[in-house]
Number of protein chains: 2
Amino acid sequence: MDQMTDWSPFTQRARDWFETLRTRICTAFEDIEREAGSDAAFSYTPWDRHTEDDSEGGGGVRAVMKGRVFEKVGVNVSTVHGTFAPQFAGTINGASADAPGFTATGISLVAHMANPHVPAVHMNTRFLTTSKAWFGGGADLNPPIPYAEDTEAFHAAFRAACAPFDPGWYERYAKWADEYFFIPHRGVSRGVGGIFYDHLECAAEAQWDRNFAFTRAVGEAFLEVFPRIVRRRMGAEWTPADKQTQLEWRGRYAEFNLVYDRGTLFGLKTGGNVDAILMSLPPEAVWS
Amino acid sequence: MDQMTDWSPFTQRARDWFETLRTRICTAFEDIEREAGSDAAFSYTPWDRHTEDDSEGGGGVRAVMKGRVFEKVGVNVSTVHGTFAPQFAGTINGASADAPGFTATGISLVAHMANPHVPAVHMNTRFLTTSKAWFGGGADLNPPIPYAEDTEAFHAAFRAACAPFDPGWYERYAKWADEYFFIPHRGVSRGVGGIFYDHLECAAEAQWDRNFAFTRAVGEAFLEVFPRIVRRRMGAEWTPADKQTQLEWRGRYAEFNLVYDRGTLFGLKTGGNVDAILMSLPPEAVWS
């Protein structure tokens, strides 16, 4: 593949996967609500950003569920294309003021849980093209009240997802997550980490196949491990003090997403759907 | 005055005013709590940012009250000096990587009210020196449930404060507030405005006197009008739906402060006290 590659069939394949994964995750989360005696279900809201001349286009579907176990969970899939604003283009891999065109498809998920003993979680994977083409993504676990057993299970799942592809990836991507999911002004991590990867470049078809397989493995790992952790903790008793801990922790989470998160910035700068972009914000937060 | 002016006596005079104003405001707000049958009082927490060699120094006092009328109000005074980080220096009036030194003294106030019919409010005034010296500040009213009568009273107070100085200032500074206190990604104003001014430069002593007098007038106007508005609304009945409106509105307020507010950015970039900087965040917020 060279710079003349038509990426659209690849974008379509990635999109199909992200939408399939979304549906499987939503089903898995609704199953958990059933086990808790709730009939909560995701509601789906499509949005689009087409301009009349289709120079800016695409859209997505925002899925939100407010349940008994999942206080608020959002799963957004989107597939968009357009041109970056000149100043912003220079900050994006393979784009510039002279070559500002892009396509992006991805899935993004944030779950805020009712029970403070159940960790919140974030997962996002995406495929982007500019003059380059690459995958990126990650997942991190965000327990207001951490349990070593959960942290280990989460990391083990992603270590296993990385292993068949490159023995060095888990270590590198876990470190990247530790660096990325950090709140500098507080001097604290936002959670207990996971993995973060970006610019996993596709310069040849074999690389695309490998990187796409890895991105699918990340999604599968998430789908296997997170429901397991939820089921382990969802029955735990919690006190008002635990809830307060959770609400204060969510304040830190909102700070990270609004001040530092690149995905939030990317969305706001490219005219994405505000409700979809900010779906990551907690249902309720306090600042003391 | 030229660039060799020793600004420290002027900084001291400005600081004395900001601290006096702080004390008068805190007393006025505690009086309101008494009228509501509460014995809430401000608690004062000093903080400092001195390095051992005093190249970075100063500090401030954070005053916070959690009362019956004032759900959470913070009033911070700070007087700091140091050098800007090279990349940040270029973004500040009169500073550069070659001349990164600065001093800053100011007062900053944010009040989040228990009753959704009582508007939240922000007020901040400050005096800064780099190779230049200037005043800046402003105040804006942030009602979850707006009343035209309150908006008019608030604007009238600042119009009157501006009038003796320059007949064009109110219009210019009110417009600046409308532009500044705006949430681009939502396409909405964060409140009903007020005034915003910056780079009110002091190149001669007569300008310093005038600009300092104006800054005092802004403080006096705030002290006169805001308690009056609070007393007008604090007895109003409110419903759970009103509270929900307020909590959702506070989510927008947190978004503005964390994504766009220059004062927040300035504080975080200059190693200010995080609790003082983020004291503006609401005690509780929701995102639907």
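The phi torsions of the stretch B:79-84, fed into the Karplus equation with coefficients 6.51, -1.76 and 1.60 and a -60° offset, translate into couplings of 9, 9, 9, x, 10, 6 Hz, rounded to whole numbers, with Gly and Pro shown as x. Accessible-area loss of 30 Å² or more (1.4 Å probe, protein heavy atoms, chain alone versus all protein chains) is found in the stretch B:247-287 for B:Leu258, B:Val259, B:Leu268, B:Val274, B:Leu278, B:Leu281, B:Pro283, B:Glu284, B:Ala285, B:Trp287. With the convex hull constructed from alpha-carbon coordinates only, the stretch A:71-172 shows a mean projected area of 8.2 nm² over all directions.
Converting the Cα gyration tensor eigenvalues of the protein assembly as shown into ellipsoid dimensions via √(5λ) gives semi-axes, longest first, of 45, 29, 23 Å.
Summing Lys and Arg as +1 and Asp and Glu as -1 over all other residues whose Cβ lies under 12 Å from the Cβ of B:Leu223 gives a net charge of +1.
Radius of gyration over Kirkwood radius for the stretch B:8-280, both on Cα atoms: the Rg/Rh ratio is 0.96.
Leaving ligands and nucleic acids aside, the A/B contact buries around 1800 square angstrom of accessible area in total at a 1.4 Å probe radius. Element breakdown for the protein assembly as shown at a 1.4 angstrom probe: carbon and sulfur atoms account for 52% of the accessible area.
For the stretch A:154-175 versus the stretch A:206-240, the spacing of their alpha-carbon centroids is 13 Å.
Net charge of the neighbourhood of B:Ala174, taken over other residues with C-beta under 12 Å away and scored Lys/Arg +1, Asp/Glu -1, is -1. Judged by the mean number of other Cβ atoms found within 10 Å, the most tightly packed of the peptides B:87-97, B:116-126, B:277-287, B:186-196 leads the ranking B:116-126, B:277-287, B:186-196, B:87-97.
If you only keep lysine pairs separated by 8 or more in sequence, or across chains, how many in the protein assembly as shown come under 19 Å at the Cα atoms? Summing the qualifying lysine pairs gives 4. Dipole magnitude for chain A: computed about the Cα centre from +1 point charges on Lys and Arg Cβ and -1 point charges on Asp and Glu Cβ, it is near 560 debye.
In this simple spin-label approximation, A:Glu171 and A:Glu19 carry label points 7 Å from Cα along the Cα→Cβ vector, and these lie 4.1 nm apart. By how many degrees, between 0 and 90 and to the nearest 10, does the Cα long axis of helix A:169-180 differ from the longest principal axis of chain A? Once rounded, the angle reads 80 degrees. Only Cα pairs under 8 Å and 6+ residues apart enter the sum, and on that basis the relative contact order of the stretch A:84-171 stands at 20 percent.
Accessible area per residue for the protein assembly as shown, computed on protein heavy atoms with a 1.4 Å probe, is 41 Å².
The accessible-area ordering, largest first, of the residues B:Asp98, A:Asp53 stands as B:Asp98, A:Asp53, per a 1.4 angstrom probe. Suppose we compare each residue of the stretch B:175-196 in its chain alone and in the full protein complex with a 1.4 Å probe; which ones drop by at least 10 Å² of accessible area? Listed in order, they are B:His185, B:Arg186. Chain A residue nearest the axis that carries A onto B, by Cβ, with distance in whole Å, is A:Leu258, 2.
For chain A, the longest principal axis of the alpha carbon atoms and the long axis of helix A:8-35 meet at an angle near 10°. Label-to-label distance for A:Thr45 and B:Ala236 is 2.7 nm, based on points extended 7 Å past Cα in the beta-carbon direction.
Computed from Cα positions, the angle between helix A:240-259 and the longest principal axis of chain A comes to roughly 10 degrees.
The values are calculated or read from the model by the stated rules, or taken from the named source; none is laboratory data. Only a predicted model underlies this, so the values are computations on that prediction, with no experimental measurement involved. Note: ideal-geometry Cβ built from the backbone for every residue, glycine included; neighbour counts use all protein chains shown. Only protein heavy atoms, including side chains, enter the accessible area calculation; ligands, DNA and RNA are left aside. Shrake-Rupley method; radii C 1.70, N 1.55, O 1.52, S 1.80 Å.
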